[in-house]
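Below is one structure, written out as C-alpha cells; the observations come after it.
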There are 2 protein chains.
Amino acid sequence: MFYDLIVSNRSYRRFHEEHSISVERMRELVDYGRLSPSGANKQPLKYIISRDKSKNDSIFPHLQWAGYLKDWAGPEEGERPSGYIVILQDTNIGPSGVDHGIAAQSILLGARSMELGGCIIQSIKRNELKTALQISDQYEILLVIALGKPKETVILDEINDGEDIKYWRDNNQEHHVPKRKLQDIIVE
Amino acid sequence: MFYDLIVSNRSYRRFHEEHSISVERMRELVDYGRLSPSGANKQPLKYIISRDKSKNDSIFPHLQWAGYLKDWAGPEEGERPSGYIVILQDTNIGPSGVDHGIAAQSILLGARSMELGGCIIQSIKRNELKTALQISDQYEILLVIALGKPKETVILDEINDGEDIKYWRDNNQEHHVPKRKLQDIIVE
C-alpha cells in the first residue's frame, strides 16, 4: 500500500555500506526522476550517479549530516552510503523551480520500493564537490541523494503545535523525528 | 510496481468532475505530504482542502492551465477538478525550500494509487486566490494541486537533445509530453 511506502521512507543516514547498488538500479532511480512532473515540462535536471568506493569517497567529505545531532559528524566507515545521485541543474535549460524536490521524492520512494533507503542532503560544500567531481560550469549542484541499505531505525513521534521539531537519538541510537499532527497542518 | 505508478502519474487536466473525492481521502493525501521529508524537519507546509462545488468554483478562476496550449483556456464545466489541495507556507515557521515539491509528488503519487490523478499548478493568481479563500497573511500560497478522476490520455514521447519540449494535443485530443531520454540526462 502506498501509505506503507510513504511511512517507511524515512531519512536514513547509516547504511550497510558493503551492500552494493547495481548500475541498472541506479539508472532506474534516475528514470523515476526523469518521469516526474517538470514545471512547463522544461526538464532542466541532470544527474550524476556514484556507486563505486572511490567516487563515493570523493563525495562524502563535502556533505553535512544531520545538523541537529551536534555530537555526530556523520556515518562512520562501513556505515556510509553505497551510492549517491547528485541532482544538477543544467543552466543551459533554465532554473529548476521545485523540479528537484519532486524528482528527489520520486527517487527516494523508488529506492524504498527496492528496499533501499536514503536521505536528501541540501547542506553541501558545492564548490568543493564541483571540483571533486569535475562538474563543468554548465551545471549547478541542487541536491545530493545518499542511498544504501538502511542500518538504523527511525521512529516518528507526533508533537503538538509549538513543541520542538528537532530530531534526536535515544540511548539505543534510534532516531526520533517529531512530526506535526495532521489536524495541525490543515487550515480550515 | 513503483515504475508503473510513476509512469501512470502524468499531469492530468481534464476530469470526471462528477466523481466526488471523500474528505477521508483528501485528508489521507495531505497525510502523505505530512509524512514526507522536510528540510531540517521544520515542516513549514500547511494545507487547504477543497472538495465541494462552491469552494472548487472559487479556486478555479485563479489558476492558469497548460501554458503551451494557446487555444485552450482550461477544462470546461463538467471536466474540472473534483477537488484541490492548496499548499501553503506558514511564514511563522519559515521558508519551504523544496519541501512543497517533495510533498506535491507524494500527494500526486498517492492520488494515483487511489486511481485519481492531478496536476501541480504553479501559475496562480495568488492575491486573488488568497482573497477568495480568505487566507490570512500568516500564509503564502506555494502550489495548487488539482485532483480528480482523469478523463484524458497522456502519451510520453521520447525526444532527442535540442528537440522541442512543449507538450501538445493531437487530433484525438490526446495529450503528448516530450521527455528527454535517460541517456541524455545522466552526466558521466
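The values are calculated or read from the model by the stated rules, or taken from the named source; none is laboratory data. None of the values given here were measured: they were computed from a predicted structure. Quick reminder, even Gly has a Cβ in these numbers, built from the backbone with ideal geometry, and neighbours come from all protein chains shown.
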- [ ] Please go through the range A:68-104 and pick out each residue that is farther than 19 Å from B:Pro95 by Cβ, within 14 Å of chain B (Cβ to nearest Cβ) and of a type in the set (S, T, N, Q).
- [x] A:Thr91, A:Asn92
- [ ] Check B:Leu109, B:Leu143 and return the single one that is in a helix (DSSP H, G or I) and either surrounded by 15 or more Cβ atoms within 10 Å (Cβ to Cβ) or at pLDDT 95 or above (or both).
- [x] B:Leu109
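Can B:Leu156 be described as away from chain A (no Cβ under 13 Å), closer than 24 Å to B:Phe2 by Cα, part of a strand (DSSP E or B) and not small (Gly, Ala, Ser)? Give the steps one after another, and end with the answer.
On the way: away from chain A (no Cβ under 13 Å): no; closer than 24 Å to B:Phe2 by Cα: yes; part of a strand (DSSP E or B): yes; not small (Gly, Ala, Ser): yes.
It is false that B:Leu156 is away from chain A (no Cβ under 13 Å), closer than 24 Å to B:Phe2 by Cα, part of a strand (DSSP E or B) and not small (Gly, Ala, Ser).
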Task: Qualifying positions in the range B:149-176 - closer than 26 Å to B:Tyr84 by Cβ and hydrophobic (A, V, I, L, M, F, W, C) - done: B:Val154, B:Ile155, B:Leu156, B:Trp168
- [ ] Determine which member of the set B:Ile165, B:Ile120 is within 13 Å of another protein chain (Cβ to nearest Cβ), assigned to a loop (DSSP other than H, G, I, E, B) and of a type in the set (A, V, I, L, M, F, W, C).
- [x] B:Ile165
Open item on the list: Any residue in the range A:137-148 that is touching a residue at least 60 places away in the same chain (Cβ under 8 Å) and within 17 Å of A:Ser58 (Cβ to Cβ) sitting within a Cβ distance under 8 Å of a residue that is part of a strand (DSSP E or B) and hydroxyl-bearing (Ser, Thr, Tyr)? List the pairs, counting only those 6 or more apart or interchain.
Closed with: A:Val144/A:Tyr84; A:Ile145/A:Tyr84; A:Ala146/A:Tyr84; A:Leu147/A:Tyr84
- [ ] Sort out which residues of the range A:1-54 are of a type in the set (Phe, Trp, Tyr), within 8 Å of another protein chain (Cβ to nearest Cβ) and within 16 Å of the chain's Cα centre (by Cα), and write them in order of number.
- [x] A:Tyr32, A:Tyr47
Open item on the list: If a residue must be of a type in the set (Gly, Ala, Ser) and in contact with an Asp or Glu (Cβ under 8 Å, 6 or more places away or on another chain), how many such residues does the range B:6-51 contain?
Closed with: 3
TODO: Among residues belonging to the range A:123-140 that are among the aliphatic types (A, V, I, L, M) and either in a helix (DSSP H, G or I) or at positive phi (or both), point out the one that is surrounded by the fewest Cβ atoms within 10 Å (Cβ to Cβ).
DONE: A:Ala132
